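J.: Below you'll find the structure I mean.
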Amino acid sequence: MKKKKIILLPLLLLAGMSVISLSGCNKSVVNYTDSDFDGLYDNIDPNPKSNKYRTVFYDTINKQNTNEIEITMDYRNFLYNDNPIFNADVAQIGACLVADTYNEKTQFVNDKYSTPDGEVFPIYEQFGLKDIRYTTVGFSDNPNDKCGLYIGNHKAEIDGKKYQFFFTAIHGYIDNTGWASNFDVGGDTEAYKEVFDECPDWINKKDHKGFSATAKRVYDNVITYIEDFKDKNFESYFFGCGHSRGGGVMNLVGTMMSDNNKDIKSLFYCYNAPLTTCEDNEQKLQSYKSIFNLLCKEDLVSRVPLKEWGFKLYGNILYFSHVENATYYENIMKDKYPGEPTKICQALDMFLKKLSLTRDSLFEFAPLDEDSDVYEFDSLEEANDFVDSLNKRIVNKEMKKCYRTEIVNPEEPEDSYIVNLYVRPCAFIAIMREITEATIGEESPMDKIFEILSTYDEIISKFVGVILDIALEVGLGISDIVDVGPQMIRTHAAVATVISAKFSR
């Protein structure tokens with residue numbers, strides 16, 4: 001099959017981009033006549049014969065316009081029969097909606113939905129969406145499994161039939177604490193349950209726990225909204241989209257909508273989503289024809305949780321590459337696309353192979369005679385002091401369950417004592433989570449990183465050696481990794497910024 005050239009909307013998330021239309025919009029509605037099917041009824045549409053929009057990105061941080069592009073909004077593109085096909089115009093609209101979720105002023109609530117504290121998104125109104133609501137979910141139970149979403153609906157008459165469209169876009173996280181959910185991959189073993197509490201919103205144990213619990217909360221809010229606004233005289237269609245963690249959550253929302261709402265045809269576009277499930281039934285994975293995952297080959301986020309742990313995505317997968325579009329990226333990002341993100345992806349793959357981990361083994365202690373760190377002391381008192389110091393220094397509740405100590409006296413007379421330290425591999429993930437929470441958005445995060453690493457010095461010792469060996473093997477020094485951190489984030493944020501990218505099925 002030939003590769004298809006696709007036009008994708010820029011999604012400059014890191015810079016805090018918000019989509020602003022250059023056209024105006026009057027809210028009054030007289031009837032459903034919409035000759036160009038762009039969401040604006042003819043009586044208020046300044047150009048009722050064209051569904052092309054000139055759109056600019058507004059950088060809310062630097063307070064200036066950036067790129068101006070053209071998009072096509074046609075509600076007919078969201079209609080399909082039993083087997084939807086990928087549509088470039090829909091991909092653009094989804095990227096628009098997702099971009100607009102990141103920097104709008106919001107009002108946090110515990111349940112249901114609320115009106116935003118401030119002006120609603122111009123782009124939602126521009127596309128004719130009404131009853132626009134902002135919702136935050138996940139604050140009443142586990143506050144880590146939370147998410148923010150915008151939702152609206154639009155009524156249209158197409159070829160003599162009446163349709164009601166429900167659009168939802170979700171962003172990756174609300175604040176730093178939301179990142180904890182990304183690292184809770186879940187497990188269905190006793191070892192996992194020894195570390196983590198049960199979560200009633202985590203329905204399918206094969207799915208990533210953090211994403212799944214959040215998806216269930218998003219799904220419940222979506223259904224509540226649809227029940228409140230659904231018109232029984234109209235046929236219902238639902239469109240959901242998300243980027244990064246939001247893409248992973250929306251991937252699972254897609255399975256819930258498809259499984260539980262046969263009367264609503266749903267379509268999902270997930271941008272640079274992390275992997276979401278350990279479902280091993282390929283037929284089931286591919287049965288969700290209405291889910292489209294748009295992934296960049298060089299992006300790190302789309303490689304985690306690791307496929308070697310069994311993680312995959314539901315639905316269709318389409319790939320594109322930064323490298324293949326390097327010229328464009330040099331222009332849009334104002335600097336040369338770095339090669340280090342690709343090296344870091346390579347290092348991640350090598351790290352897994354060296355540790356030979358699976359999803360379940362992440363939470364298990366190694367056998368008693370293997371894989372422990374050994375600390376030798378001259379007296380029992382010194383050994384006990386070491387253990388007490390470790391226990392006092394590590395205050396995180398979950399981290400305390402990720403290690404255990406054993407004091408032995410291997411020889412007689414009692415002239416030496418050994419402390420064996422056993423660590424669950426998931427401790428490394430928990431530490432990475434803590435670093436992420438503490439440093440996201442920080443201009444100088446290195447002091448905080450070193451502080452956290454020193455707290456868990458003994459816990460991470462077995463991992464550090466492996467990481468350094470791999471970094472050297474792929475040509476990455478410590479300074480390179482530190483310098484490339486912000487670029488990695490920009491690369492991930494720019495995954496959907498491709499205006500001209502090649503996708504393959």
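The values are calculated or read from the model by the stated rules, or taken from the named source; none is laboratory data. In this text, all values refer to a predicted model and were calculated from it rather than measured experimentally. Note: ideal-geometry Cβ built from the backbone for every residue, glycine included; neighbour counts use all protein chains shown. The protein model used for the area step is the full one, side chains on, heavy atoms only, and it has no ligands, DNA or RNA in it. Shrake-Rupley method; radii C 1.70, N 1.55, O 1.52, S 1.80 Å.
J.: From the list 418, 470, pick out the single residue that is over 27 Å from the mean Cα position of the chain (by Cα) and either modelled with pLDDT under 80 or not hydroxyl-bearing (Ser, Thr, Tyr) (or both).
T.: When all the criteria are applied, what remains is 418.
J.: Now for a separate question. Out of (1) in contact with a Cys (Cβ under 8 Å, 6 or more places away or on another chain); (2) of a type outside the set (Gly, Ala, Ser); (3) free of Cβ contacts under 8 Å to residues at least 24 places away in the same chain, the odd one out for residue 193 is which?
T.: Failing condition for residue 193: (1).
J.: Take the conditions on the phi < 0 side of the Ramachandran plot, at pLDDT 95 or above and more than 23 Å from the chain's Cα centre (by Cα) and apply them to residue 230. Does it pass?
T.: Yes: the conditions hold for residue 230.
J.: Within the range 107-128, can you find the residues that are modelled with pLDDT under 70 and more than 21 Å from residue 213 (Cβ to Cβ)?
T.: Scanning the range 107-128 gives 107, 114, 115, 116, 117, 118, 119, 120, 121, 122.
J.: So which pairs qualify, if the first residue must be in the range 220-238 and farther than 21 Å from residue 137 by Cα and in contact (Cβ under 8 Å) with a residue 12 or more places away in the chain, the second must be open to solvent by less than 80 Å² (accessible area, probe 1.4 Å) and of a type in the set (A, V, I, L, M), the Cβ gap must be under 8 Å, and the two must be at least 6 apart or on different chains?
T.: 236/226; 236/264; 237/79; 237/264; 237/267
J.: Criterion first (surrounded by fewer than 24 Cβ atoms within 10 Å (Cβ to Cβ) and not in a loop (DSSP other than H, G, I, E, B)) does residue 212 satisfy it? First the steps, then the outcome.
T.: On the way: surrounded by fewer than 24 Cβ atoms within 10 Å (Cβ to Cβ): no; not in a loop (DSSP other than H, G, I, E, B): yes.
No: the conditions fail for residue 212.
J.: From 398, 411, which residue is open to solvent by 60 Å² or more (accessible area, probe 1.4 Å) and either at pLDDT below 90 or not hydroxyl-bearing (Ser, Thr, Tyr) (or both)?
T.: 411
J.: With the requirement that a residue be open to solvent by less than 20 Å² (accessible area, probe 1.4 Å) and at pLDDT below 85, what does the range 129-171 give you?
T.: Across the range 129-171, the qualifying residues are 134, 135, 136, 137, 138, 145, 146, 147, 148, 171.
J.: Taking the range 215-237 only, how many residues are β-branched (Val, Ile, Thr) and open to solvent by 10 Å² or more (accessible area, probe 1.4 Å)?
T.: Residues flagged as β-branched (Val, Ile, Thr) and open to solvent by 10 Å² or more (accessible area, probe 1.4 Å) within the range 215-237 amount to 2.
J.: On to the next question. For the range 261-279, indicate whether the set of residues that are in a helix (DSSP H, G or I), at negative phi and either in contact (Cβ under 8 Å) with a residue 60 or more places away in the chain or among the aromatic types (Phe, Trp, Tyr) (or both) is non-empty.
T.: No; the residues of the range 261-279 include none that is in a helix (DSSP H, G or I), at negative phi and either in contact (Cβ under 8 Å) with a residue 60 or more places away in the chain or among the aromatic types (Phe, Trp, Tyr) (or both).
J.: So is residue 308 open to solvent by 10 Å² or more (accessible area, probe 1.4 Å) and in contact with a His (Cβ under 7 Å, 6 or more places away or on another chain) or not?
T.: When the stated conditions are applied, residue 308 does not pass them.
J.: Scanning the range 280-303 for residues that are in contact (Cβ under 8 Å) with a residue 60 or more places away in the chain and assigned to a helix (DSSP H, G or I), which turns out least open to solvent (accessible area, probe 1.4 Å)?
T.: Filtering first and then ranking leaves 302.
J.: Sticking with this structure for a sec: Restricted to the range 238-259, and to residues that are among the polar types (S, T, N, Q) and farther than 16 Å from residue 82 by Cα, which residue is least open to solvent (accessible area, probe 1.4 Å)?
T.: Taking the candidates together, the pick is 251.
J.: Yes or no: residue 493 in contact with a Leu (Cβ under 7 Å, 6 or more places away or on another chain), among the aliphatic types (A, V, I, L, M), modelled with pLDDT under 80 and surrounded by 19 or more Cβ atoms within 10 Å (Cβ to Cβ)?
T.: Answer is yes for this residue.
J.: Hey, can you tell me all the residues within the range 346-386 that are modelled with pLDDT under 75, of a type in the set (D, E, K, R) and open to solvent by less than 60 Å² (accessible area, probe 1.4 Å)?
T.: The one that is modelled with pLDDT under 75, of a type in the set (D, E, K, R) and open to solvent by less than 60 Å² (accessible area, probe 1.4 Å): 349.
J.: Here's something else I'd like to know. Name the single residue that is surrounded by the most Cβ atoms within 10 Å (Cβ to Cβ) among those in the range 172-209 being modelled with pLDDT of 80 or more, outside any helix (DSSP H, G or I) and aromatic (Phe, Trp, Tyr).
T.: Across the range 172-209, the extreme among qualifying residues is 202.
J.: What residue, among those in the range 388-415 that are of a type in the set (A, V, I, L, M) and within 20 Å of residue 453 (Cβ to Cβ), is nearest to the chain's Cα centre (by Cα)?
T.: Taking the range 388-415 as the starting set, the residues that turn out to be of a type in the set (A, V, I, L, M) are 390, 394-395, 399, 407-408.
Remaining after also requiring within 20 Å of residue 453 (Cβ to Cβ): 390, 394-395, 399.
Details: 390: 34, 394: 29, 395: 28, 399: 24 Å.
Among those residues, the one meeting the criterion is 399.
J.: Which of the residues that make up the range 216-249 are touching a His at 6+ places or on another chain (Cβ under 9 Å) and either assigned to a helix (DSSP H, G or I) or aliphatic (A, V, I, L, M) (or both)?
T.: Listed by number, the residues that qualify are 245, 246, 248.
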